[in-house]
Amino acid sequence: MTTPQQHPALAAADPELAGLVGAEERLQADTLRLIPSENYVSAAVLEASGTVLQNKYSEGYPGRRYYEGQQNIDQVETLAVERAKALFGVDHANVQPYSGSPANLAVYLAFAQPGDTVMGMALPMGGHLTHGWGVSATGSWFRGVQYGVRRGAASEGGGRIDFDQVRDLALKERPKVIFCGGTALPRTIDFAAFGEIARESGAVLVADVAHIAGLIAGGAHPSPAGHVDVISTTTHKTLRGPRGAMLMSREEHAKALDKAVFPGLQGGPHNQTTAAIAVALREASQPSFRDYAHAVVANAKALAEALLARGFDLVSGGTDNHLILIDLTPKQVPGKIAAKALDRAGIVVNYNTVPYDPRKPFDPSGIRIGTPSLTSRGLTTDHMDQVAEWIDRAVTAAGKGDEETLRTVRAEVAGLMAAHPAPGLPV
Ligand code: DSN
């Protein structure tokens, strides 16, 4: 897809690399991208992230830098900060973390000492590595204690956060920091309930809203503001910005967080990313973004219904947000086999553990899907039955080794994608 006209300097200087970029553009254009943490950024966000702001060093914060020549950079960062504060209703925003994991590390640095107890949701239950999981520095430098979701039937609360366990654990272990939020949670997060538990146990409460930041900005998920001490988020998922992150808080935590990000963990901020975050935040403050956020949720609910109608087992029985976690055990197709077959059918998902998974993380029972990207392409609830039908056909074909069906689905998917061009990609 890349031609010298689209990336002329790149194509001239490094045709091999330009070819790979072009191939990726083609892949993103032709496939149905269902990974819930991915999206398509606008052309404006893409342009901002490829600007000469790339050339600047600016350690410090606006007005307090260790480098001169910050006349424009200070204004860029201030724009991003002010837009984040307005959009999320917070006193303070730091837009410098390089991504979600460094942002969360900065939170630990601000509020805990190595060896302290920290608490978060277990990774296989839907949490994140950086919420104190053992293989992460956050689970080895700190003493990570982990909560999960309820076992059992969805109709009896199975697959939903076990708040009795959260409270008991918090009061017993008295963690310095509690993380709520995660990467495979299909249900609304009750920030008020977490807030009560954190107050009772004396912990700093952090909402990691990386997955749902765009839904919060667009009013399609309740906001953690007012219930938690710190909000941590990446900027590239439902928020539809560049790959980056932000930390937000009340004024009382501003100094500790800023100091932890720089000089605690990072050097110079990536100013081209800061600029693109500013653009994305402006886009997210528009009425059309509210429509987008609500459409993401409506599409996910419609897709969940259509999958349930085809006999799929959904963790927690459905979704309230952008994400669906499918337990493929009843279909007798392991998650990895299904994910790879779906990929061959032009439907991009990731294999994922399901709560209490008897299988290993590298070969788990489930797949995780979501609607942020397809909604950015303008697909609506009217298309979700077709999407579910493709998933059903591809998973069934995976179980039978039926490559012909996967090729047929791929051609059908490409047809629908061609009718719904993706933002930011060359047409
Ligand atoms: N890796 C991200 C996701 O896919 O959810 C979380 O960091």
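For the listed peptides 294-306, 24-36, 51-63, a ranking on the average number of other beta carbons within 10 Å per residue, highest first, reads 294-306, 24-36, 51-63.
What FRET efficiency do you get for Asp91 and Leu46 if R0 is 45 Å and r is their Cβ-Cβ distance, rounded to the nearest 0.05? Can you show the working numbers first?
On the way: r = 31 Å, r/R0 = 0.69.
For R0 = 45 Å, the calculated efficiency reads 0.90.
Shown is the FRET efficiency for Arg174 and Lys259, computed with R0 = 25 Å from the Cβ-Cβ distance and rounded to the nearest 0.05: 0.50. Over the range 236-373, the ratio between the Cα radius of gyration and 2.2 N^0.38 Å evaluates to 1.34. Residues whose amide H comes within less than 5 Å of that of Ala210, counting only those at least five positions distant or on another chain, are Thr234 (H built at 1.01 Å from N in the peptide plane).
How big is the shadow of the Cα convex hull of the range 1-57, averaged over all directions, in nm²? The partial results should precede the final answer.
On the way: hull surface 21.0 nm².
One quarter of the hull surface, i.e. the mean projection, equals 5.3 nm².
Result for the chain in a Gaussian network model with C-alpha springs under 10 Å: among Gln165, Gln272, Gln146, the largest mean-square fluctuation is at Gln165.
Once backbone amide H atoms are built at 1.01 Å from N, Thr51 has no partners under 5 Å, excluding neighbours fewer than 5 places away on the same chain.
Its DSSP H runs of at least 4 residues, each contributing -39,500 (n - 2.57), put the calculated 222 nm mean residue ellipticity of the chain at -12500 deg cm²/dmol, to the nearest 500.
Under the Kirkwood approximation applied to all pairs of distinct alpha-carbon atoms, what is the hydrodynamic radius of the chain in Å? Walk me through the numbers before you get to the answer.
Working: mean 1/r = 0.0449 Å⁻¹.
After inverting the pairwise mean of 1/r, the radius is 22.3 Å.
Of the trypsin sites (Lys or Arg not before Pro) found in the range 102-211, none is in coil by DSSP with at most 10 other Cβ atoms within 10 Å of its Cβ.
Connecting C-alpha atoms closer than 10 Å in a GNM of the chain, tell me which of Gly202, Gly159, Gly370 has the biggest fluctuation. So, out of Gly202, Gly159, Gly370, the one fluctuating most is Gly202.
Which length gain, in nm to one decimal place, applies between Thr381 and Ala193 when the Cα-Cα distance is subtracted from 0.36 nm times their residue separation?
Working: separation 188, 0.36 × 188 = 67.68 nm, distance 3.17 nm.
Net length gain for the segment: 64.5 nm.
In the elastic network of the chain, a GNM with C-alpha springs shorter than 10 Å, the most mobile of Ser288, Ser223, Ser136 is Ser288. The radius of gyration of the Cα set in the range 157-231, together with its Dmax, comes out at 12.1, 37 angstrom.
Pairs of lysine residues in the chain that meet both criteria, 8 or more places apart or on different chains and Cα atoms under 20 Å apart, total 13. The listed peptides 95-104, 11-20, 358-367, 332-341, ordered by packing as a protection proxy, come out as 95-104, 332-341, 358-367, 11-20 (highest mean of other Cβ atoms within 10 Å first). Computed from backbone phi, the HN-Hα couplings of the range 58-69 come to 8, 4, x, 10, x, x, 9, 9, 9, 9, 8, x Hz, rounded to whole numbers (Karplus: 6.51 cos²θ - 1.76 cosθ + 1.60, θ = phi - 60°; Gly and Pro given as x). Label point of Arg290 set 7 angstrom out along Cα-Cβ; within the range 219-260, amide nitrogens under 11 Å from it belong to 219-220.
Could you give the length gained on full extension between Lys400 and Ala154, defined as 0.36 nm per residue of separation minus the Cα-Cα distance, in nm? Present the calculation step by step, with values, prior to reporting the outcome.
Details: separation 246, 0.36 × 246 = 88.56 nm, distance 2.89 nm.
Result for the pair: 85.7 nm of gain on full extension.
Bear in mind that the values in this text are calculations on the coordinates, not laboratory data. Keep in mind that this is a model prediction, so the values were computed, not measured. Neighbour counts run over all protein chains shown; Cβ positions are idealised from the backbone, glycine included.
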